[in-house]
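Asker: Structure in structure tokens, see below.
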Amino acid sequence: MSVITIDHVTKSFGNVEVLKEFTQEFQDGEFITLLGPSGCGKTTMLRIIAGFEKPTTGEVRIDGKVVSSKDVFVPPEKREIGMVFQSYAVWPHMNVFDNVAYPLKIKRMPKNVIREKVEGILEVVHLSQYADRMPSQLSGGQQQRVALGRALVAEPKLLLLDEPLSNLDAKLRESMRYEIKEIQRKLGITVVYVTHDQIEAMTMSDRVYIINRGVIQQVGHPIEIYRHPANQFVADFVGKVNFIKGLAEAGRIRIKGIDQSVKYDGEMRGDVVLAIRPENIELTSAEGHLTGILSSMYYLGDVNDCRVEVGDTTLRVTADAHTYDTLRVGDKVGLIIDSFLVYPDDGNDDYNKILT
Amino acid sequence: MQKKHYFDIKWAVILVIVAFLLVFQVFPLLYLVYRSFFSTGKFSLEGFSRIYTYEMNWSCLKNTIITAGFAMIFGVILAFPLAWLVGRTNLYGKKFFRFLFVTTYMVPPYVGAMAWLRLLNPKVGTLNVFIKNLLHLSENPFNIYSIWGLVWVLTTFYYPYAFITISRAMEKMDPSLEEASRISGASPLKTLFTVTLPLMMPSIVAAALLVFVAAASCYGIPSIIGAPGQLYTVTTRIMDYVSVGSQQGLTDATVLAVFLMAIALLVLYISNFVVGKKDYITVSGKSTRPNIVDLGKWRIPITILVSIFALIVVIIPFATVFMTSFTTNMGKSLFAPGNFTLKFWNTALTRKSILGSTKNSVISAVWAATLGMIVCLVMAYLLKRTNVKGKAVPDFLITVGSGTPSVVIALALIMTMSGRFGVNIYNTIFIMIVAYMIKYMLMGMRTVVSAFSQVSPSLEEAAQISGAGWLRRLKDVLFPLIIPSIVAGWFLIFMPCFYELTMSNLLYSTDTKTLGVELFTYQTYHSQQTASALAGGILIMVIGLNVILDKVTKGKFSI
Ligand SMILES: Nc1ncnc2c1ncn2[C@@H]1O[C@H](COP(=O)(O)OP(=O)(O)O)[C@@H](O)[C@H]1O
Ligand SMILES: [Mg+2]
């Protein structure tokens, strides 16, 4: 249980600034996720907290005590942090037991205490029967749990995880997600979790930090981020989204390029971008808010994944599964927009490109 | 280009190369062993009993084991911390130090011997006199003509083998293994001992054995340093027996050579099958972020320490060679009036016989390197890209060839390739090319194999599915990707061949005298200054090529 304060931290490698002005506080017992595309600076942030990198400017405090600043630097081994590395970093020359016992040996705990604690933690990570195995005899998922056990055994107040699930298959990933969350809940520790996988972020976190190019885009509870993304990047990175360019007027937004519009009672005026999630559009054979031509359908069992041409933009629509039976490709369909978001159009088309 | 039978040219090429290895390497070495037992046509241990009852030979064996053993111990003790400092810490001037140590590897060892002879001569050695005056000693502190002198020079010239081997393993190690230890609460030093060192152990042992074999089979150093001090090793002794010229001399040489070979094979066995099994390096993750240990307040003191080491072990000897080459009277200082001269350089660069030898060396080294790289490429392909049974055999043979002491290779070739079995290449340049290839292909092989490991087979498969045949795939996909390694590998074979001494000394004829032999003859019989000028020329060339190599491989010296 510890509070981490990151105060005006920036980080540059040479003259490339990879983290810009980061000021945040992670609360006691919180599950924090840093989410962003690869290369955005997540690992760098984590390594600054761990003490493997020094911030270029600014200061890091753990429970109010300065650990990194211009004048103070506490090396990683003095920070009492647990960390799981992306590559697991399980030592190949030690067996599972010795790997997990290592932090306790460093603390010079008595042998019997070490044994007890290690066995306890192996229980937690479901590795009791593998204590004598060498890492080369373990699967990826098992190695990952060794790494987790090693990070937890000394009962750190803070646990750092760097994409710990990225090397696992889908099934294992799901169960590990659950287990990590359980462990955190049980031990009440603060966790900083790095990932580029939005599902991991959504399911585990108390607060998610969306980062892009070293800049925090939005901070919030997963639901809040999903429902109210602060900008187009966040809208696009978390969940799926359609972007349509429009012109906001009093009472409505005209869709650019075609003679259609949707109702709008917001404040914005001028060039805007509409962001509509595919699941927030319903298809109807009757009149909708917009009209388009159904260009393709994919039956996914639980839903019908459709593409609809509206003017020269293609909208993705997650429709009810039964619409697959009633609609035909080429049909003229109406679209009922349940909800949408409006962003000022900054002329940047990148987000649209990612989508298609 | 549809063919009925999918004849695959690669098998033809592979077959030719395997045949080559069998004829020119396996057969001669086996025959050498056979000869040592059947010197008179019948099985007899007479040769063994004659050689091994002779007191003198025992002292040679003892000297070899002692000097190689200590060179091994000291070499590793030096190399590990150096490799760690250069590879893993924020030491100042890391790149420069690395360059120096790697360059040492490429310098002919006998050049080092020549330098140390001047520096630590018991009567007039420059360094000796300097230290005596500095510390007000009553006599010179060191005597190079001693077993410790020999150990010293062997160590300073063979620790780079260990340095390179250990550095390479350290580069491959996942740095997060060390970070995991730090975050578990271990200090950098504790991490070094509980994680880094144990993980490096297999490569440390491999490096140690490499140094041992190299030092035990070295001829140049013990013959330059040992002979004046009446200190003989197995290699110098073998040379003596061979130079007797008689059939019995040859037999005696063979019997001693078998001893060296046995040691080498034992060492090879240990390093490949006992230590090799424990190689953890392959079990690394995929993080490649360089992890630099901050030396903190030790950064400057340690940098100074490493600088002093580099100064004594690399710079002073090299500088001595250059100074000697400009000195008229070696009894006086270079800076004494009238003592500076260019005449030795003039000789070295113009004398016909020297130019002829240089030409021979260039030709044979170019051939050995080129043919050697072809063999290495094909065999690496076989090893890394096919599933044939026994695909590792050529790799093993190349390793054995390299591990075999030079004298042994030369002797084996003399006995089998001088007409007795229908092949007579003795006294030609071919026998040298063959000998060089056997001895030095390993470095090329290692370089290419590691390059292959870094190119995913799917890249090549993508070309294959696009319809490219084997040669076409090599040309379009594989070669362009590994060309820096090919160039590096080529130089790694070329360099030692270019200045090779031991084998050339046994194999040369008047028409095929090489640079190494020429230099050695000047050093021992004629003029040390001319020899130094020649050595200086080689040094300049080595450094020049090293710089080129550094550029070509983009600073990643992949040895
Ligand atoms: N040691 C380093 N030297 C130079 N650049 C680095 C170093 N470490 C990271 N970077 C750069 O910083 C950026 C952020 O890296 P990282 O934090 O690893 O991203 P992420 O974990 O979000 O994928 C990347 O552009 C990366 O290339
Ligand atoms: Mg990362």
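The values are calculated or read from the model by the stated rules, or taken from the named source; none is laboratory data. Here the structure is a predicted model, which means the values were calculated and not measured. Glycine gets a Cβ as well: all are built from the backbone with ideal geometry, and neighbour counts include every protein chain shown.
Asker: Within the bounds of the stretch B:131-139, is there any residue that is surrounded by 15 or more Cβ atoms within 10 Å (Cβ to Cβ), in a helix (DSSP H, G or I) and out of contact with any strand residue (DSSP E or B) (no Cβ under 9 Å at 6 or more places or on another chain)?
Answerer: yes
Asker: Mind counting the residues in the stretch B:498-538 that are out of contact with any Gly (no Cβ under 6 Å at 6 or more places or on another chain) and assigned to a loop (DSSP other than H, G, I, E, B)?
Answerer: Looking only at that region, the number is 10.
Asker: Going through A:Lys11, A:Lys65, A:Lys42, A:Lys54 one at a time, which residue ends up being of a type outside the set (Gly, Ala, Ser), in contact with a Pro (Cβ under 6 Å, 6 or more places away or on another chain) and either within 15 Å of ligand 1 (Cβ to nearest atom) or in the same structural domain as A:Lys181 (by TED's automatic domain parsing) (or both)?
Answerer: Exactly one residue qualifies, and that residue is A:Lys11.
To keep it simple, each residue is scored yes or no on (1) part of a loop (DSSP other than H, G, I, E, B); (2) surrounded by 19 or more Cβ atoms within 10 Å (Cβ to Cβ); (3) of a type in the set (Asp, Glu).
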site: B:Leu377; (1), (2), (3): no, yes, no
site: B:Lys391; (1), (2), (3): yes, no, no
site: B:Val434; (1), (2), (3): no, yes, no
site: B:Ile438; (1), (2), (3): no, yes, no
site: B:Arg446; (1), (2), (3): no, yes, no
site: B:Leu471; (1), (2), (3): no, no, no
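Asker: Next up: Using the structure shown, decide if A:Glu182 is assigned to a helix (DSSP H, G or I), assigned by TED's automatic domain parsing to the domain that holds A:Leu290 and more than 16 Å from ligand 1 (Cβ to nearest atom).
Answerer: So A:Glu182 does not fit the description; no.
Asker: Just give me the residues in the stretch A:13-57 being in a helix (DSSP H, G or I) and not hydroxyl-bearing (Ser, Thr, Tyr), in sequence order.
Answerer: A:Lys42, A:Met45, A:Leu46, A:Arg47, A:Ile48, A:Ile49, A:Ala50, listed by residue number.
Asker: Now for a different question. Scan A:Lys54, A:Lys65, A:Lys78 and give me the residue that is more than 23 Å from the chain's Cα centre (by Cα), more than 16 Å from ligand 2 (Cβ to nearest atom) and either more than 14 Å from chain B (Cβ to nearest Cβ) or modelled with pLDDT of 90 or more (or both).
Answerer: Being more than 23 Å from the chain's Cα centre (by Cα), more than 16 Å from ligand 2 (Cβ to nearest atom) and either more than 14 Å from chain B (Cβ to nearest Cβ) or modelled with pLDDT of 90 or more (or both) holds for just one of A:Lys54, A:Lys65, A:Lys78, which is A:Lys65.
Asker: Right, A:Ile180: within 30 Å of the chain's Cα centre (by Cα), crowded, with 20+ Cβ neighbours inside 10 Å and away from ligand 2 (no atom under 16 Å from the Cβ) or not?
Answerer: Considered against the rule, which asks whether it is within 30 Å of the chain's Cα centre (by Cα), crowded, with 20+ Cβ neighbours inside 10 Å and away from ligand 2 (no atom under 16 Å from the Cβ), A:Ile180 comes out as yes.
Asker: May I pose another question? Considering each residue of the stretch A:84-112, count those that are at the interface with chain B (Cβ under 9 Å from one of its Cβ atoms), outside any loop (DSSP other than H, G, I, E, B) and either among the charged types (D, E, K, R) or at positive phi (or both), and give that number.
Answerer: The total comes to 2.
Asker: Quick check on the stretch B:184-200. Is at least one of its residues at pLDDT below 85, within 13 Å of chain A (Cβ to nearest Cβ) and crowded, with 24+ Cβ neighbours inside 10 Å?
Answerer: No; the residues of the stretch B:184-200 include none that is at pLDDT below 85, within 13 Å of chain A (Cβ to nearest Cβ) and crowded, with 24+ Cβ neighbours inside 10 Å.
Asker: Scan the stretch A:54-68 for residues that are surrounded by fewer than 19 Cβ atoms within 10 Å (Cβ to Cβ) and in contact (Cβ under 8 Å) with a residue 12 or more places away in the chain and report the count.
Answerer: Selection size over the stretch A:54-68: 7.
Asker: Limited to the stretch A:231-290, what total is found for residues that are in contact (Cβ under 8 Å) with a residue 60 or more places away in the chain, assigned to a helix (DSSP H, G or I) and either hydrophobic (A, V, I, L, M, F, W, C) or surrounded by 18 or more Cβ atoms within 10 Å (Cβ to Cβ) (or both)?
Answerer: Selection size over the stretch A:231-290: 5.
Asker: Among the numbered criteria (1) away from chain B (no Cβ under 13 Å); (2) crowded, with 17+ Cβ neighbours inside 10 Å; (3) not hydroxyl-bearing (Ser, Thr, Tyr), which single criterion is violated by A:Ala170?
Answerer: Of the numbered conditions (1) away from chain B (no Cβ under 13 Å); (2) crowded, with 17+ Cβ neighbours inside 10 Å; (3) not hydroxyl-bearing (Ser, Thr, Tyr), the odd one out for A:Ala170 is (2).
Asker: Do we find a residue being in a helix (DSSP H, G or I) and free of Cβ contacts under 8 Å to residues at least 12 places away in the same chain anywhere in the stretch B:228-242?
Answerer: Looking for residues that are in a helix (DSSP H, G or I) and free of Cβ contacts under 8 Å to residues at least 12 places away in the same chain, one finds at least one in the stretch B:228-242, hence yes.
Asker: Select from the stretch B:216-238 the residues that are aliphatic (A, V, I, L, M) and buried (at least 21 other Cβ atoms within 10 Å of the Cβ) and write down the one among them that is nearest to B:Ile144 (Cα to Cα).
Answerer: Ranking the qualifying residues of the stretch B:216-238, first place goes to B:Ile225.
Asker: Could you please give the count of residues in the stretch A:37-51 that are more than 9 Å from ligand 2 (Cβ to nearest atom) and on the phi > 0 side of the Ramachandran plot?
Answerer: Within the stretch A:37-51, residues that are more than 9 Å from ligand 2 (Cβ to nearest atom) and on the phi > 0 side of the Ramachandran plot number 1.
Asker: Confirm whether A:Gly14 is within 14 Å of another protein chain (Cβ to nearest Cβ), away from ligand 2 (no atom under 12 Å from the Cβ) and surrounded by fewer than 22 Cβ atoms within 10 Å (Cβ to Cβ).
Answerer: yes
Asker: Scanning the stretch A:35-53 for residues that are in contact (Cβ under 8 Å) with a residue 12 or more places away in the chain and small (Gly, Ala, Ser), which turns out nearest to A:Ser12 (Cα to Cα)?
Answerer: Here the residue is A:Gly41.
Asker: Condition first: in contact with a helix residue (DSSP H, G or I) (Cβ under 9 Å, 6 or more places away or on another chain), within 14 Å of chain A (Cβ to nearest Cβ) and either modelled with pLDDT of 80 or more or assigned to a helix (DSSP H, G or I) (or both). Can you find one or more residues in the stretch B:154-169 that meet it?
Answerer: Yes - at least one qualifying residue is present in the stretch B:154-169.
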